[in-house]
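Report on one structure; see the data block that follows.
The values are calculated or read from the model by the stated rules, or taken from the named source; none is laboratory data. A quick note: this is a predicted structure, and the numbers were derived from the prediction, not measured. Methodologically, a virtual Cβ is constructed for each residue, glycine included, from the backbone with ideal geometry; neighbour enumeration extends over all protein chains shown. Heads up: the accessible areas ignore ligands, DNA and RNA and are worked out on the full protein's heavy atoms, side chains in. Shrake-Rupley method; radii C 1.70, N 1.55, O 1.52, S 1.80 Å.
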Amino acid sequence: AQTVTQSQPEMSVQEAETVTLSCTYDTSENNYYLFWYKQPPSRQMILVIRQEAYKQQNATENRFSVNFQKAAKSFSLKISDSQLGDTAMYFCAHNYGGSQGNLIFGKGTKLSVKP
Amino acid sequence: DAGVIQSPRHEVTEMGQEVTLRCKPISGHNSLFWYRQTMMRGLELLIYFNNNVPIDDSGMPEDRFSAKMPNASFSTLKIQPSEPRDSAVYFCASSLGLGAGSYEQYFGPGTRLTVT
């Protein structure tokens, strides 16, 4: 069965600092996709970044980047120059890239950015 | 683009009543997903459609839950009769499709359902 594990229920970081959120997943597939979603207090789910498993290069979107370790089945999110607006729940999600469309979500990490 | 639209944003109802949640996916998206989010269980996929056809409804908790997608621009999730344990935030999401490269799902703002 596919699973996604986020081992850090809560984290905090000072404004302008860098923070890394961890995610591990389990799959027997070779071609799949990984995502990080952000859910601020407004509860809107916002796609932050995605990674295709066949790409070795780590995805980057402005201050957000990932460290994708396929062999270790690890997919961490690094937020650089943290801003107060980054305060949110962050969910790691996995889709194994076949004809199935559903995402498997982790339980989430609550990130607080402190001034 | 207006994004995924859900209505109502909040719903408070009494146990035993019928509840209907509505979703309009992003235009041009062929796949639509219904999720439920609770503190205890996190985000759960209830059902998803592709080209208006239900593909997997194994996440629907009970026969009290039903979902339809009569056309490409509208879907409903119905709970009849509702129970207090159905209280949750219900999200609708859409994506271009189920093929390679189409996997980003875009979420609506959610409907917060409270059953008293």
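At-a-glance table
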quantity: Pick from segment A:24-45, criterion hydroxyl-bearing (Ser, Thr, Tyr), more than 23 Å from B:Cys92 (Cβ to Cβ) and not in a strand (DSSP E or B), ranking: nearest to the other protein chains (Cβ to nearest Cβ); calculated: A:Tyr32
quantity: Residue in segment A:87-108 that is charged (D, E, K, R) and farther than 20 Å from A:Tyr33 by Cβ present; calculated: no
quantity: Within segment B:105-116, tally of residues that are in a loop (DSSP other than H, G, I, E, B) and under 15 Å from A:Gln44 (Cβ atoms); calculated: 4
quantity: Single residue of B:Ser94, B:Ser82, B:Ser27, B:Ser58 found to be assigned to a strand (DSSP E or B) and either among the hydroxyl-bearing types (Ser, Thr, Tyr) or open to solvent by less than 30 Å² (accessible area, probe 1.4 Å) (or both); calculated: B:Ser94
quantity: Every residue from segment A:51-77 that is open to solvent by 50 Å² or more (accessible area, probe 1.4 Å) and under 18 Å from A:Phe105 (Cβ atoms); calculated: A:Lys73
quantity: Number of the condition not met by B:Ile47 [criteria: (1) more than 13 Å from chain A (Cβ to nearest Cβ); (2) assigned to a strand (DSSP E or B); (3) closer than 25 Å to A:Asn31 by Cβ]; calculated: (1)
quantity: Complete set of residues in segment B:8-24 that are part of a strand (DSSP E or B) and charged (D, E, K, R); calculated: B:Glu11, B:Arg22, B:Lys24
quantity: Residue count for segment A:81-115, restricted to those that are within 13 Å of chain B (Cβ to nearest Cβ), part of a loop (DSSP other than H, G, I, E, B) and at pLDDT 85 or above; calculated: 3
quantity: Residue count for segment B:6-24, restricted to those that are acidic (Asp, Glu) and surrounded by 14 or more Cβ atoms within 10 Å (Cβ to Cβ); calculated: 1
quantity: Exclusive hit being open to solvent by 20 Å² or more (accessible area, probe 1.4 Å), modelled with pLDDT under 95 and not hydrophobic (A, V, I, L, M, F, W, C), set B:Gly101, B:Gly42; calculated: B:Gly101
